[in-house]
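The structure appears right after this line, and notes come after that.
The values are calculated or read from the model by the stated rules, or taken from the named source; none is laboratory data. Small disclaimer: the values here were computed from a predicted structure and weren't measured. For neighbour counting, all protein chains shown are included, and Cβ atoms are generated from backbone atoms with ideal geometry for every residue, glycine included. These area figures cover heavy atoms from the full protein model, side chains too; ligands, DNA and RNA do not enter into them. Shrake-Rupley method; radii C 1.70, N 1.55, O 1.52, S 1.80 Å.
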Amino acid sequence: MPDISLTTVVLLCLAALAAGWIDAVVGGGGLLLLPALLLGLPSGTPAAHALGTNKAVAIVGTTGAAVTYARKAPVDVRTAVRIGLAALAGSSAGAFFAAGMSTEVLKPVIMVVLLGVAAFVILRPAFGTAPATGPATRRQILAAIGLAGLGIGFYDGLIGPGTGTFLVLALTAVLHLDLVTASATAKIVNCCTNAGALATFAWQGAVLWQLAALMAVFNLAGGTLGAHTALKRGSGFVRVVLLTVVFALVANLAYEQWLA
């Protein structure tokens, strides 16, 4: 356990709980969890340690949410696993490049990507509200493997925050899923991306295991609760949460970057 105060540990655990709920509903829990780790860990802690610990926490909550969704949502597990295997390879490659990345590079990159997500969802008010019209074609599945698997998987290993959100958007756009089914599918894929990146960070010795284990308990509780909430409330609720989370985090990151 790093040398941090009990108050900071409690706040990190609460952040893990909230991040688990957000991640299960719409993805992007890392946009809360990673900044919390970057702020809470002692000054001078390498960025890779925050990224690796984030993965160790997130994989537990994501797995809990995936199991909950798989029991109740119409998920094409075979397609999700195929995309997930590509995402595992992509995230492993991205994690190798993340070791030397400065924390100062992360915040502006995340902000730009978030603003792009917000603009897309606002300009497409009906996005993800209609159920799928039929099974995905071979071309759609290959496109999903390339974009959601290799592309977003690489981003997950390199930076991480927002991966779940980007997966939901990509799967909704490419496979024409509704937001709830896309969220369910994204959890299975996200388990694979987290596993690939975590294995790389663990090999590099960049995971704070004691802190991660404590936070993971709270993340699991949040992830399970979030999956139940999304299944009960539907796609309209998921869309509102998506936009709320995006704008709140953009405002927070902008404040830290330019005003703090």
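For this structure, a couple of remarks:
- Filter result for Pro46 (touching a Ser or Thr at 6+ places or on another chain (Cβ under 9 Å) and in contact (Cβ under 8 Å) with a residue 60 or more places away in the chain): yes
- Across region 165-173, a minimum of one residue is classified as out of contact with any helix residue (DSSP H, G or I) (no Cβ under 7 Å at 6 or more places or on another chain) and part of a helix (DSSP H, G or I).
- Scanning region 176-193 for residues that are of a type in the set (A, V, I, L, M) and under 12 Å from Pro74 (Cβ atoms) returns Leu177, Val180, Ala182, Ala184.
So that you can scan it fast, the table gives a plain yes or no per residue for (1) of a type in the set (A, V, I, L, M); (2) over 17 Å from Leu37 (Cα atoms); (3) touching a His at 6+ places or on another chain (Cβ under 8 Å); (4) modelled with pLDDT under 75:
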residue: Val217; (1), (2), (3), (4): yes, no, no, no
residue: Gly223; (1), (2), (3), (4): no, yes, no, no
residue: Ala227; (1), (2), (3), (4): yes, yes, no, no
residue: Leu231; (1), (2), (3), (4): yes, yes, no, no
residue: Gly234; (1), (2), (3), (4): no, yes, no, no
residue: Phe237; (1), (2), (3), (4): no, yes, no, no
residue: Leu243; (1), (2), (3), (4): yes, yes, no, no
residue: Asn252; (1), (2), (3), (4): no, no, no, yes
residue: Gln257; (1), (2), (3), (4): no, no, no, yes
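- For Pro35, the criteria (1) open to solvent by less than 10 Å² (accessible area, probe 1.4 Å); (2) assigned to a helix (DSSP H, G or I) hold in every case but one, which is (1).
- Some residue of region 185-193 being surrounded by fewer than 21 Cβ atoms within 10 Å (Cβ to Cβ) and aliphatic (A, V, I, L, M): no
- The residues in region 134-148 that are of a type outside the set (A, V, I, L, M, F, W, C), in a helix (DSSP H, G or I) and either within 21 Å of the chain's Cα centre (by Cα) or surrounded by fewer than 11 Cβ atoms within 10 Å (Cβ to Cβ) (or both) can be counted, and the count is 3.
- Looking across region 69-97, the residues that are within 27 Å of Ala15 (Cβ to Cβ) and surrounded by 20 or more Cβ atoms within 10 Å (Cβ to Cβ) come down to Tyr69, Gly84, Ala87, Leu88, Gly90, Ser91, Ser92, Gly94, Ala95.
- Restricting attention to region 121-145, the residues being over 16 Å from Ile188 (Cα atoms) and at pLDDT 75 or above number 9.
- Condition check for Gly226: assigned to a helix (DSSP H, G or I), within 23 Å of Val109 (Cα to Cα), among the small types (Gly, Ala, Ser) and touching a residue at least 24 places away in the same chain (Cβ under 8 Å): no
- Counting the residues of region 196-211 that are among the hydrophobic types (A, V, I, L, M, F, W, C) and at pLDDT below 85 gives 1.
- Tabulated pairs, region 56-74, first touching a residue at least 12 places away in the same chain (Cβ under 8 Å) and within 12 Å of Thr185 (Cα to Cα), second open to solvent by less than 50 Å² (accessible area, probe 1.4 Å) and of a type in the set (Val, Ile, Thr), C-beta under 7 angstrom, 6+ apart or interchain: Ala65/Thr224; Ala66/Ile188; Thr68/Thr224; Tyr69/Val75; Ala73/Val180; Ala73/Thr181; Pro74/Thr181
- Lone qualifier among Ala66, Ala56 - being out of contact with any Lys or Arg (no Cβ under 9 Å at 6 or more places or on another chain) and surrounded by 19 or more Cβ atoms within 10 Å (Cβ to Cβ): Ala56
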